[in-house]
Amino acid sequence: MRLWTLQAPEVVAAVRDNGIFRADWEYAVVNWRPAYRAMVAEMERRGIACHGAAPVWCWPGRALRRGPTRDTANSLLGLDQWAHGVHLIKLDVPASATMATSYARWNDYLGVTMELLRSAGRKDGAAFSADQAPMDWSATLASEWDNMQIVIPELRREWVVRTRYYAPDAETAARIAADPDLTPAPAVAR
């Protein structure tokens with residue numbers, strides 16, 4: 001299955017040097033972890049071994065159309081991530097290692113789990129039960145504006161088709177340059 005993902009330079013280096021990258025839970029946003037844990041549990045229920053790692057988010061296709069790829073990147077990444085450096089990784093992953101879900105339904109689910117945490121006065125914890133936080137784990141899109149997202153358990157060298165530095169657009173680069181707390185990444189491939 002052809003997929004693409006946006007990752008930090010360290011992820012690219014880990015795949016290059018070790019042949020594999022598994023996402024560390026410490027980098028998952030704290031109040032998103034219960035939802036991520038539910039995602040991992042569903043992946044494992046489907047026979048996708050995650051080896052204790054957080055899922056890696058991908059998008060279907062070859063990332064050939066600049067507009068949709070750029071729009072997705074800009075909606076997902078913060079200025080700090082752009083300033084640190086972003087790589088576009090194109091993948092060919094066995095379908096058996098992928099799980100597709102609705103991006104809109106996932107975001108609704110994420111909102112429910114964050115509200116449950118807030119109501120409980122917590123920031124982290126185990127996945128919530130399906131009774132508390134129902135999630136449609138199918139690949140059924142919620143509307144014509146929804147998109148498919150794909151999660152995989154890890155990045156493997158043999159799945160990588162191409163990796164390249166993915167520069168921010170001019171507006172994002174200008175915002176980074178104007179922020180004294182951000183140091184722009186070099187504009188060359190690493």
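Roll a 1.4 angstrom probe over the protein heavy atoms and tell me the percent of accessible area of the chain that is carbon or sulfur.
Details: 5370 of 10250 Å².
The value for the chain is 52 percent carbon and sulfur by accessible area.
Among 147-160, 61-74, how do they line up from the highest to the lowest mean number of other beta-carbon atoms within 10 Å? Please list the in-between numbers first.
Values: 147-160: 18.9, 61-74: 14.0.
In descending order of packing, they fall as 147-160, 61-74.
Per residue, how much accessible area does the range 1-107 show when a 1.4 Å probe rolls over the protein heavy atoms, in square angstrom?
47 Å²
How much net charge surrounds A130 when only other residues with a Cβ under 11 Å from its Cβ are counted (Lys, Arg +1; Asp, Glu -1)?
-3
Would you tally the net charge around L91, using a Cβ to Cβ cut-off of less than 12 Å, leaving L91 out, and scoring K and R as +1, D and E as -1?
Charge balance in the 12 Å sphere: +3.
What distance in nm lies between label points placed 7 Å from Cα along the C-beta direction at S129 and V30?
2.7 nm
With θ set to phi - 60° and the Karplus curve 6.51 cos²θ - 1.76 cosθ + 1.60, what are the ³J(HN,Hα) couplings of the range 39-55 in order, to the nearest whole Hz, using x for Gly and Pro?
Each residue of the range 39-55 in turn: 4, 4, 4, 5, 4, 5, 4, 8, x, 9, 6, 9, 6, x, 9, 6, x Hz.
Students often get this wrong: which residues of the range 162-177 have the backbone nitrogen under 20 Å from the point 7 angstrom along Cα-to-C-beta of R62?
162-166
Ordered by residue, what ³J(HN,Hα) values in Hz, to whole numbers, does the range 88-103 give under the Karplus form 6.51 cos²θ - 1.76 cosθ + 1.60, where θ = phi - 60° and Gly and Pro are x?
8, 10, 9, 10, 10, 10, x, 4, 5, 9, 10, 9, 9, 9, 6, 5
For the peptides 85-93, 12-20, 102-110, 120-128, what is the packing order when you average, over each peptide's residues, the other Cβ atoms within 10 Å and list the highest mean first?
Taking the mean over residues of other Cβ atoms within 10 Å, the ranking is 85-93, 102-110, 12-20, 120-128.
Under 5 Å between amide H atoms, partner at least 5 residues away or on a different chain: which partners does I20 have, H built in plane at 1.01 Å?
R157
Of the options P55, M114, M135, report the single residue whose Cα projects farthest towards the positive end of the charge dipole of the range 1-146 (beta-carbon charges: Lys, Arg +1; Asp, Glu -1).
Of P55, M114, M135, it is P55.
The values are calculated or read from the model by the stated rules, or taken from the named source; none is laboratory data. Predicted model only: the values in this text are computed from it and were never measured. Glycine gets a Cβ as well: all are built from the backbone with ideal geometry, and neighbour counts include every protein chain shown. Note: accessible area is taken over every heavy atom of the protein model, side chains too, but ligands, DNA and RNA are not part of it. Shrake-Rupley method; radii C 1.70, N 1.55, O 1.52, S 1.80 Å.
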